[in-house]
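Peer 1: Before anything else, here's the structure in question.
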Amino acid sequence: MNTILIGFASSGKSATANAICAKTGQRHFDLDQIVESRYERKSGKRAGCREIFKDSGADGFAERENDALRSLSNMRDSVLSTGGRTPMCEDNRALLKTMGKIIYLKCGSGTVLQRMEKKGRPASMGKSAEEITAEWERRVPIYTELADIVIENDTQTPEETARIILENLQGI
C-alpha cells in the first residue's frame with residue numbers, strides 16, 4: 001500500500017515521509033524533488049521549486065507537478081510527500097485518490113508561519129502573514145475532503161507523527 005502525505009507548506013510532509021520509511025523500509029518519493037529533477041533534465045538548469053515556480057508561473061508549475069505525479073502512478077509500497085499546492089489541482093486530486101491512502105498533516109496557520117520563518121516562504125503565497133493565512137484557509141477544506149486520515153501535526157516530531165500514521169494505517 002502507498003502512503004501519500006499532503007498538507008500546507010512546512011507541515012512536515014518530507015520529514016515525516018523519511019521517518020515512515022526509516023521505520024518501514026519503504027521507498028520515499030518527494031514530489032518536489034521529482035519536479036526539480038525533471039526540470040533540470042529538460043532545461044539543463046538546476047533550480048528549486050520556488051525558482052521553477054517563478055520561472056514557469058502558477059499554471060506552468062502546476063503542469064510540471066501534474067506530469068511528475070503522473071510519472072509515479074505505478075509506484076508500489078512507497079511513501080509520497082507532495083507539494084503543498086499539489087492537491088489544489090483537481091486532476092491531481094483524482095490521481096492521488098487512485099494512488100494510495102492519503103494522510104493530511106494538519107498544522108495551524110500560526111505553526112506553519114513559525115516554521116516558514118526558518119526555511120522561507122513559498123513564492124506562490126505572497127509575502128505577508130495575512131496572505132499566507134488566507135491561502136491556508138483556502139486550502140484546508142480541500143486537504144480535509146481529500147484525506148483518508150487527518151493527523152494534527154502542530155507539536156509532534158516527524159518520528160512521532162510517523163508512528164501515529166502507521167498506527168492509523170493498521171486500522172484501515
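Peer 1: Between Glu130 and Ala58, what length in nm is gained on full extension when 0.36 nm per residue of separation is reduced by their alpha carbon distance?
Peer 2: Values: separation 72, 0.36 × 72 = 25.92 nm, distance 1.99 nm.
Length gained, Glu130 through Ala58: 23.9 nm.
Peer 1: Let me ask another. Neighbour counts of other C-beta atoms within 10 Å: give me Ile102, Ile6 arranged from fewest to most.
Peer 2: On the way: Ile102 22, Ile6 28.
Taking fewest neighbouring Cβ atoms as first place, the list is Ile102, Ile6.
Peer 1: Shifting gears a bit: Describe numerically, in nm with one decimal, the distance between label points set 7 Å from Cα along Cα→Cβ at Ala22 and at Leu95.
Peer 2: Each label point lies 7 Å from its Cα, and together they span 3.0 nm.
Peer 1: Could you work out [θ]222 nm for the chain from helices alone, using -39500 (n - 2.57) per DSSP H run of at least four and dividing by all its residues? Round to the nearest 500 deg cm²/dmol.
Peer 2: Numbers: 7 runs with 100 residues, N = 172.
Rounded to the nearest 500, the figure is -19000 deg cm²/dmol.
Peer 1: Do any of Lys23/Lys97; Lys13/Lys97; Lys13/Lys106; Lys54/Lys97 go past 21 Å between their Cα atoms, and which?
Peer 2: Values: Lys23/Lys97 24 Å; Lys13/Lys97 17 Å; Lys13/Lys106 10 Å; Lys54/Lys97 28 Å.
Violating the 21 Å limit, Cα to Cα: Lys23/Lys97; Lys54/Lys97.
Peer 1: Which net charge results when you count Lys and Arg as +1 and Asp and Glu as -1 among the other residues whose beta-carbon is under 14 Å from that of Thr98?
Peer 2: Values: positive: Arg70, Arg76, Arg93, Lys97, Lys101; negative: Glu90, Asp91, Asp148.
Its environment carries a net charge of +2.
Peer 1: Here's a follow-up. What Kirkwood Rh does segment 3-170 have if only Cα atoms enter the pairwise 1/r average? Answer in Å.
Peer 2: Numbers: mean 1/r = 0.0622 Å⁻¹.
Evaluated over segment 3-170, this radius sits at 16.1 Å.
Laboratory data are not the source of any read-out in this text; all were calculated from the coordinates shown. What you are looking at is a predicted structure, and each value in this text was computed from that prediction instead of being measured. Every residue, glycine among them, receives a Cβ derived from its backbone with ideal geometry; neighbour counts consider all protein chains shown.
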